[in-house]
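Have a look at the structure below before the remarks.
Rule-based calculations on the coordinates, nothing more; no lab input. As the structure is a prediction and not an experimental result, all values here were calculated from the model. Don't worry about glycine lacking a Cβ; one is built from the backbone with ideal geometry, like all the others, and counts go over all protein chains shown.
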Amino acid sequence: MNTKELKKYFKEHLVPSKLYKIGGSHKNRICLDKTENGWAVYFQDKKEKIGVMNFVDEASACSRMKDELRKLMEQMYGVTWAPAR
């Protein structure tokens with residue numbers, strides 16, 4: 001999965017865009033961004049990146065972001081999609 005496919009997946013599964021940012025950072029969102037050494041998934045809190053997870057490939061980063069958003073939606077709204085098996 002790449003970032004374009006991930007955006008489409010989130011839209012199809014009605015994930016609120018206020019929860020995430022793909023390709024950059026935005027306060028109070030889970031972010032996925034390209035770095036010098038690969039990809040990073042993290043939570044942006046005002047000016048600080050929290051829980052930065054680095055990945056060498058785009059597919060691994062997208063997979064992790066999808067898992068993190070699934071967990072967040074379950075905690076916040078009590079609904080989510082079934083995790084991939």
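Please determine, by comparing only the residues of the range 42-85 that are more than 18 Å from L6 (Cα to Cα) and among the small types (G, A, S), which one is surrounded by the fewest Cβ atoms within 10 Å (Cβ to Cβ).
Restricting to residues being more than 18 Å from L6 (Cα to Cα) and among the small types (G, A, S), the top hit is G78.
Give the residues of the range 31-47 that are part of a strand (DSSP E or B) and either more than 15 Å from the chain's Cα centre (by Cα) or not aromatic (F, W, Y) (or both), sorted by residue number.
C31, L32, D33, K34, T35, G38, A40, V41, Q44, D45 - these are the residues of the range 31-47 that are part of a strand (DSSP E or B) and either more than 15 Å from the chain's Cα centre (by Cα) or not aromatic (F, W, Y) (or both).
Name the single residue that is nearest to Y9 (Cα to Cα) among those in the range 29-70 being in contact (Cβ under 8 Å) with a residue 60 or more places away in the chain and not small (G, A, S).
Among those residues, the one meeting the criterion is K66.
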